[in-house]
Amino acid sequence: MQNVDVSARVWSHLLALKEGANGTPDVTWTEGEAQALALYGPLAAPVDDVMIVAQIGQSLDGRIATESGDAQDISGPEGLAHLHRLRALADAVVVGVKTALHDDPQLTVRLAYGESPARVVIDPKGRLCNSARLLQDTSTRRIVVQSCETDRPAGVETLILPRTDWICAHEMIMALRELGFRRILIEGGGVTIAQFLEAGLLHRLHVAVAPLLIGSGPQSLTTNPVPTLAEALRPETRFYNLGSDVLFDCALNPHIAGEKERVFNV
Ligand SMILES: NC(=O)c1ccc[n+]([C@@H]2O[C@H](COP(=O)([O-])OP(=O)(O)OC[C@H]3O[C@@H](n4cnc5c(N)ncnc54)[C@H](OP(=O)(O)O)[C@@H]3O)[C@@H](O)[C@H]2O)c1
């Protein structure tokens, strides 16, 4: 198991990389710092087109909240810091409306140094109240993806996309790309992440497992079942010890229309 040490000099280097800096500082990284660079380096590296990462924090029994919707403390402190680092490395963070309704999240960067990404909520039926914190806080761009006309607060952008059962995940990514977002973090919940995973759009999937058992509540990832284990998706995966949580960093092979082939050296 690899221990991760996101020291101040590692984090500065990653933020500089995200801003387009070339080269590596002339320093000898410790083993933990080298692991941090292996984990976050691919997310900070230059992006030709789009790069999409999903992260989910879950219990040992694969739950992301209790039945009553309590999801606050599933991840431990280092798991939460990891999530905030992912936000800081992203241009836009995407959540499904059930997460917005249950948690009223801010989606800002508070447990790491860095800028908060734009906030995107997928709300096809216009169920999210305009008083939601992610819509009210004007410190960054706010976008609602919906399939109906709903009045939104001044400054909130709306993307009206058609839905049959679901809004096409490819269309959402194309629309977000049009708005100028290149690094996109899909933050949950499980239903929303599964849409992007099933559509073959994820470059990486981060699953942070915290040592607690919940017994019931929303399931982590709700992908389509496979009839035999031979047909299961088995991504190339690295494991990192975040301290309070164990992180599974899965590399996937996305098929994004118009995107050049990308190879990550991790
Ligand atoms: N532990 C964690 O890391 C974590 C992270 C996030 C959330 N959570 C918890 O997870 C729970 C919510 O997760 P969830 O999986 O049940 O729901 P969710 O993913 O937050 O939201 C799902 C809903 O979003 C809309 N949606 C998402 N993708 C769509 C698409 N492609 N097309 C059309 N609509 C789309 C639909 O809204 P409609 O229903 O209106 O059609 C869908 O039912 C909450 O309890 C929250 O606290 C935990």
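The values are calculated or read from the model by the stated rules, or taken from the named source; none is laboratory data. Just so it is clear, the model here is predicted, and its values are computed rather than measured. Glycine also receives a Cβ, built like all others from the backbone with ideal geometry; neighbour counts cover every protein chain displayed. When the accessible area is computed, the model is the full protein with side chains, heavy atoms only, and any ligands, DNA or RNA have been set aside. Shrake-Rupley method; radii C 1.70, N 1.55, O 1.52, S 1.80 Å.
With the structure loaded, tell me whether His82 is assigned to a helix (DSSP H, G or I) and either more than 9 Å from the ligand (Cβ to nearest atom) or under 21 Å from Leu43 (Cα atoms) (or both) or whether it fails that test. Yes; evaluated as a whole, the condition is true for this residue. Taking the conditions exactly as written (surrounded by fewer than 20 Cβ atoms within 10 Å (Cβ to Cβ), at pLDDT 95 or above and over 12 Å from the mean Cα position of the chain (by Cα)), does Ala81 satisfy them or not? Judged against the criteria, Ala81 is a match.
Within the set Leu201, Leu134, Leu205, Leu176, the sole residue that is more than 10 Å from the ligand (Cβ to nearest atom), part of a loop (DSSP other than H, G, I, E, B) and within 20 Å of Leu89 (Cα to Cα) turns out to be Leu201.
Filtering Leu176, Leu111 for residues that are surrounded by 15 or more Cβ atoms within 10 Å (Cβ to Cβ) and farther than 22 Å from Val47 by Cβ leaves a single hit, Leu111. Annotation note: Cβ proximity below 8 Å between a residue of the range 68-94 that is within 13 Å of Gln58 (Cα to Cα) and a residue that is more than 10 Å from the ligand (Cβ to nearest atom) and of a type in the set (S, T, N, Q) (sequence gap 6+ or interchain) occurs for Ser75/Ser244; Gly76/Ser244; Gly79/Ser244. When the range 115-160 is filtered for residues that are hydrophobic (A, V, I, L, M, F, W, C), touching a Pro at 6+ places or on another chain (Cβ under 8 Å) and under 16 Å from Thr192 (Cα atoms), only Val145 remains. Remark: pairs (first residue in the range 37-59, under 20 Å from Gly76 (Cβ atoms) and of a type in the set (Ser, Thr, Tyr); second residue more than 16 Å from the ligand (Cβ to nearest atom) and open to solvent by less than 10 Å² (accessible area, probe 1.4 Å); Cβ separation under 6 Å; 6+ apart in sequence or on different chains) = Tyr40/Leu14. Look at the range 101-124: where a residue is closer than 28 Å to His13 by Cα and a partner is among the acidic types (Asp, Glu) and surrounded by fewer than 18 Cβ atoms within 10 Å (Cβ to Cβ), sitting 6+ places away or on another chain with Cβ atoms under 7 Å, you get Gln106/Asp137; Val109/Glu115.
Each residue in the range 140-173 was checked for being open to solvent by 10 Å² or more (accessible area, probe 1.4 Å), more than 11 Å from the ligand (Cβ to nearest atom) and either of a type in the set (Lys, Arg) or assigned to a strand (DSSP E or B) (or both), and 7 pass.
On the basis of being part of a loop (DSSP other than H, G, I, E, B) and in contact (Cβ under 8 Å) with a residue 12 or more places away in the chain, does Ala65 make the cut? Yes, satisfied.
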